[in-house]
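Here is the structure we will look at.
The values are calculated or read from the model by the stated rules, or taken from the named source; none is laboratory data. Just so we're clear, the structure is a prediction, and the values are computed from it rather than from any experiment. Here the Cβ positions follow ideal geometry from the backbone for every residue, glycine too, while neighbour counts run over all protein chains shown.
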Amino acid sequence: MLDDSSRSWLPNDWHGVQAQLILHADGTFAASNLPGLLDVDDAADPQRYTGAGLWKLVDHGRQQVQLTFQSIDGWHKALPYGDVLWISDGWAGPSLDYFLGDPDQGRRIRLRKER
């Protein structure tokens, strides 16, 4: 689920949206309303992404979760399409993080396990 700290980077009409990423043990995932995850050109106006595909752990100097979308609602580009999420383990527990646009701008989107 979307961490409340991430909502400050999203437009006001997004504040009630429930983003969700479910990683299944069989290596598949389902995503709904992920803000800006696949936005390359316009992170200032993030889109909502809903789809499904495959996930796996990868290590590029730091462990990450690689998502490979096999389907994305309303997507008009070639599939499969993927991105990675950073695994963080903070005081509030583990999270999956990605950034809207340039990571140096600090617009972090954080997904936490629903309790």
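When the range 8-22 is examined, which residues are found to be within 16 Å of L96 (Cβ to Cβ) and buried (at least 17 other Cβ atoms within 10 Å of the Cβ)?
The answer is W9, A19, L21.
Take the range 1-42 and flag every residue that is within 17 Å of L111 (Cβ to Cβ), among the aliphatic types (A, V, I, L, M) and out of contact with any His (no Cβ under 8 Å at 6 or more places or on another chain).
Selection gives M1, L2, L10, V17, A19, L21, I22, L23, A31, L34, L37, L38.
Being surrounded by 11 or more Cβ atoms within 10 Å (Cβ to Cβ), free of Cβ contacts under 8 Å to residues at least 40 places away in the same chain and of a type in the set (D, E) narrows it down to one residue among D45, D4, D59, D73; which is it?
Numbers: D45 fails: surrounded by 11 or more Cβ atoms within 10 Å (Cβ to Cβ); D4 fails: surrounded by 11 or more Cβ atoms within 10 Å (Cβ to Cβ); D59 fails: surrounded by 11 or more Cβ atoms within 10 Å (Cβ to Cβ).
After ruling out the rest, the residue left standing is D73.
Based on what the data block shows, is W14 aromatic (F, W, Y) and modelled with pLDDT under 85? Spell out the reasoning first.
Working: aromatic (F, W, Y): yes; modelled with pLDDT under 85: yes.
Considered against the rule, which asks whether it is aromatic (F, W, Y) and modelled with pLDDT under 85, W14 comes out as yes.
How about the range 85-112: which of its residues are farther than 14 Å from V65 by Cα and over 13 Å from the mean Cα position of the chain (by Cα)?
Listed by number, the residues that qualify are G90, W91, A92, G93, D102, P103, D104, Q105, G106.
Kindly evaluate L38 against the criterion of being modelled with pLDDT of 90 or more and surrounded by 11 or more Cβ atoms within 10 Å (Cβ to Cβ). Reasoning before the result, please.
Details: modelled with pLDDT of 90 or more: no; surrounded by 11 or more Cβ atoms within 10 Å (Cβ to Cβ): yes.
No, not satisfied.
Hey, Q18 hits all of (1) closer than 16 Å to S6 by Cα; (2) touching a residue at least 40 places away in the same chain (Cβ under 8 Å) but one; which does it fall short on?
(2)
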